[in-house]
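K.L.:
Here's a structure for you.
The values are calculated or read from the model by the stated rules, or taken from the named source; none is laboratory data. All of these numbers come straight from a predicted model, not from anything done at the bench. Note: ideal-geometry Cβ built from the backbone for every residue, glycine included; neighbour counts use all protein chains shown.
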Amino acid sequence: MSIFAAVSNGGPDGSAAIAVVFMMIFWFAYIGFFVLIGLVSLAVSVLALVSLYRNRDKLRAIELAVWVGISLVVTIAGPLCWFFIGRRKMLDDERAHEQPTPA
């Protein structure tokens, strides 16, 4: 017996069927939202780990370990912190070492 057949005896106006359809739409949207958040989190974490792997020779071992840990533990904010804070600081430090000091 389907859900619609079970609720079709709920009344002449079909309000029970409307409620079931509304709840089905709500739960699909609710679950879809969390699946989307999970996929975004996974994608951002993978991008951060790839970036860390490519820049591993420019970071000290402890810095690399800390950034990998932050990127894995703090799901979305950790990788974003790497891109907006850690990577920028690493590039600024690299540029500072490349520029000759004035004599």
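K.L.:
Kindly indicate whether Tyr30 is under 27 Å from Asp93 (Cα atoms), of a type in the set (Phe, Trp, Tyr) and exposed (fewer than 12 other Cβ atoms within 10 Å of the Cβ). Steps first, please.
P.N.:
On the way: under 27 Å from Asp93 (Cα atoms): no; of a type in the set (Phe, Trp, Tyr): yes; exposed (fewer than 12 other Cβ atoms within 10 Å of the Cβ): yes.
No, not satisfied.
K.L.:
What number of residues in the stretch 47-103 are exposed (fewer than 12 other Cβ atoms within 10 Å of the Cβ) and either touching a residue at least 24 places away in the same chain (Cβ under 8 Å) or touching a Cys at 6+ places or on another chain (Cβ under 6 Å) (or both)?
P.N.:
So the answer is 1.
K.L.:
Scan the helices (runs of 4 or more DSSP H) fully inside the stretch 27-103 and keep the ones with 2 or more residues being touching a Pro at 6+ places or on another chain (Cβ under 6 Å).
P.N.:
Values: elements: 61-73, 77-81, 87-98.
Hits in the stretch 27-103: none.
K.L.:
Are any residues in the stretch 1-27 surrounded by 12 or more Cβ atoms within 10 Å (Cβ to Cβ) and modelled with pLDDT under 80, and if so, which ones?
P.N.:
Correct list: Ile3, Phe4, Ala6, Val7, Ser8, Gly10, Gly14, Ala16, Ala17.
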